[in-house]
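Everything below concerns the one structure shown next.
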Amino acid sequence: MSSDNIIKCLIIGSGPAGYTAGIYAARADLKPIMYTGMQPGGQLTITTEVENYPGYPKGTQGPEMMEDFKAQAERFGTDIRFGYVNKVDFSGPIHKVWVDETTELHAHTVIIATGASAKWLGLPSEQRLNGFGVSACAVCDGFFFKGQDVAIVGAGDTAAEEATYLAKLCKKVYMIVRRGEMRASKAMQNRVLNTPNIEVLWDSETEEILGEKGVSGARIKNLKTGEVKNINVTGFFVAIGHTPNTAIFKDWIDMDEQGYIKAVPGTSKTNVKGVFAVGDAADKVYRQAVTAAGTGCMGALDAERYLAEIGIH
């Protein structure tokens, strides 16, 4: 393949991180090509109100915000294509990427912005009411339930942290824990147990989320006694973890045991030269649109510097 056909900057994924990388890379004349993946816009496309992103004083809808990001990336010349990257080969200095199992692409730099997907309980009512009282992000959506009663499912550090966060905003928080103990660290458990408006429902699972146009309650079963009861809540938060969308990179890129890409601290650089990781694919701590956008900027700047180093102009 002639050097003319080698893409300077290939962006895989299209959430806040990917689009921001596109904006910066295009403005640096890297002629970026982006493949959106199966969910163009990422997790924000299943979020309704976004009120915590700077520059939107009245708030905005997640899908509309991603359309704004996309339009800005395109304005500067990012070539945005619908397609799913299913295989990569990062063994050589030119990175090979396959789209939709048919198209083979070669690139000098690759920015991975594939994000992460929230794990769900798998209830039909959960999907039906997603965005109408059901959420996988208490920090994003807790504000909308100020002074109300809510429930949160999970037993790890994230669930414990989100439960205490919600407790500051909400009248009452039910924390639904499947076993008779939590996986969360002792410090986090103590915070939960010492917060008076959190009630832990031990040995419990959610049978159904109730409500037609919005959440009105949840049917909870005690797995030890078999007792089933309804709790009245207007918000239902799922905090059972996220899965980073990184499986196709596992043979090439260093990751932690959960599959989050390990970037060199303070950069977007991975263990493979010319490959950069941005957004939730490399961030299990913050997972916010604004932090993802910040790392997208880092990825494009790191790619630009790398191209300069290897003499690609």
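Spin-label model, PHE143/LEU193: points 7 Å from Cα along the beta carbon direction are separated by 3.4 nm. Residues considered: PRO40, PRO63, PRO93. Largest GNM mean-square fluctuation over the chain, using C-alpha springs under 10 Å, is found at PRO93. Largest GNM mean-square fluctuation among GLY41, GLY59, GLY22, using the chain with Cα springs under 10 Å: GLY59. Filter the GluC sites (Glu not before Pro) in region 39-75 to those in DSSP coil with at most 15 other Cβ atoms within 10 Å of their Cβ, and list the result. For GluC sites (Glu not before Pro) across region 39-75 that sit outside H, G, I, E and B with at most 15 neighbouring Cβ atoms in 10 Å, the list reads GLU51.
Loop-located GluC sites (Glu not before Pro) in region 153-218 (DSSP state not H, G, I, E or B) with no more than 13 neighbouring Cβ atoms inside 10 Å: GLU181, GLU212.
By the Stokes-Einstein formula, at 0.692 mPa s and 37 °C, region 78-156 with its Kirkwood radius over alpha-carbon pairs has D equal to 197 µm²/s.
As a calculated quantity, the FRET efficiency between PHE82 and LYS250 at R0 = 30 Å, using C-beta atoms, amounts to about 0.75.
Each part reduced to its alpha carbon centroid, region 1-79 and region 245-289 end up 18 Å apart.
For region 120-238, the relative contact order comes to 31 percent (Cα pairs under 8 Å, sequence separation of at least 6).
Note: the chain, Cα convex hull, 139 Å³ per residue.
Centre-to-centre separation between the Cα atoms of region 86-105 and those of region 122-145: 36 Å.
State which entries of LYS119/LYS171; LYS96/LYS250; LYS8/LYS250; LYS70/LYS96; LYS172/LYS284 exceed 21 angstrom in Cα-Cα distance in the structure shown. The pairs that break the limit, which is 21 Å between Cα atoms, are LYS119/LYS171; LYS8/LYS250; LYS70/LYS96; LYS172/LYS284.
Projected onto planes of every orientation and averaged, the convex hull of the alpha-carbon atoms in region 171-256 covers 8.6 nm². Shown here for region 8-40: chymotrypsin sites (Phe, Trp or Tyr not before Pro) in loop regions (DSSP other than H, G, I, E, B) with at most 11 other Cβ atoms within 10 Å, of which there are none.
Each 5 Å bin from zero holds the following percent of Cα-Cα pairs in region 1-135: 2, 10, 18, 19, 18, 13, 9, 7, 4, 1, 0. Given in Å, the Rg to one decimal and the Dmax to the nearest whole number for the Cα atoms of region 120-238 are 13.0, 38.
For the chain, CYS9, CYS170, CYS297 have no disulfide-compatible partner, since no other Cys C-beta lies under 4.7 Å from theirs. Note: relative contact order over region 34-119, using C-alpha pairs below 8 Å and six or more positions apart, is 25 percent. Here each label is just a point 7 Å from Cα along the line to Cβ, and for THR103 and LYS168 those points are 4.5 nm apart.
Only the coordinates and a few stated rules stand behind these numbers; no lab work does. As the structure is a computational prediction, the values presented were derived from the model and not from experiment. No Cβ is skipped: glycine too gets one built from the backbone with ideal geometry, and neighbour counts run over all protein chains shown.
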